[in-house]
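This report concerns only the one structure given below.
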Amino acid sequence: MERTFVMVKPDGVKRALIGEIVARFEKKGFQLIDAKLMSISTELAQDHYGEHKERPFFGELVDFITSGPVFAMIWEGQDAVKNARAIIGKTNPADAAPGTIRGDFALDVASNIVHGSDSPDSAVREIGLFFK
Ligand code: RTP
Ligand code: MG
């Protein structure tokens, strides 16, 4: 069994989508291992999104993810990383299929509701960052 790190971003928390998102993961068959509502420091945000530090949107991304509480989760299941990304949908909501979280609830790439680890190695790293 694999684990992945998923996080409802500040826009998803503000729009009261935590329950909807948790329900989708539960119905898909994932098991919830741990979860918490928390604020992200600038240092944690820069570390979490470190792979993007040279990108033009990095400052905006860090400001956004620290703009309010997030709901951090660990989910376990078969091919958890890949299956979680499938129900989250493509990064840009304009490309995300209806039926995916981003396809159903988001319009803008900068505020796309939810994060999911992009590889098993990222999942281990991110779980370690958020659940010390
Ligand atoms: P995430 O890490 O948040 O789960 O998203 P992702 O894997 O689908 O996409 P990634 O490439 O890791 O990008 C991280 C976040 O940066 C924002 N972004 N903005 N303005 C832009 O062109 C742009 N590209 C990416 C998005 O909010 C994306 O979720
Ligand atoms: Mg990513």
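The values are calculated or read from the model by the stated rules, or taken from the named source; none is laboratory data. Since the model is a prediction, treat every value here as computed from it, not as a measurement. Cβ coordinates were reconstructed from backbone atoms using ideal geometry, including for glycine residues, and neighbour counts include every protein chain displayed. Protein only, heavy atoms only, side chains kept; ligands, DNA and RNA dropped before computing areas. Shrake-Rupley method; radii C 1.70, N 1.55, O 1.52, S 1.80 Å.
Annotations for the structure displayed:
- Scanning region 109-120 for residues that are open to solvent by 40 Å² or more (accessible area, probe 1.4 Å) and more than 9 Å from ligand 1 (Cβ to nearest atom) returns a single hit, 120.
- Exclusive hit being within 12 Å of ligand 1 (Cβ to nearest atom), open to solvent by 20 Å² or more (accessible area, probe 1.4 Å) and of a type outside the set (S, T, N, Q), set 123, 94, 106: 94
- Applying the condition of being open to solvent by 10 Å² or more (accessible area, probe 1.4 Å) and closer than 22 Å to residue 16 by Cβ to region 75-91 and asking which residue is nearest to ligand 2 (Cβ to nearest atom) yields 89.
- Any hit, region 107-124, residues being out of contact with any helix residue (DSSP H, G or I) (no Cβ under 6 Å at 6 or more places or on another chain), more than 13 Å from ligand 2 (Cβ to nearest atom) and within 16 Å of residue 5 (Cα to Cα): yes
- Spans of helices (runs of 4 or more DSSP H) in region 1-91 with at least 2 residues within 13 Å of ligand 1 (Cβ to nearest atom) and hydrophobic (A, V, I, L, M, F, W, C): 58-65, 80-88
- For region 29-51, a residue qualifies if it is over 24 Å from residue 80 (Cα atoms) and loosely packed, with under 11 Cβ neighbours inside 10 Å, and the qualifying residues are 41, 43.
- Against the test of being open to solvent by 70 Å² or more (accessible area, probe 1.4 Å), away from ligand 2 (no atom under 16 Å from the Cβ) and either touching a His at 6+ places or on another chain (Cβ under 8 Å) or of a type in the set (Asp, Glu) (or both), the options 2, 26, 54 yield a single qualifying residue, 26.
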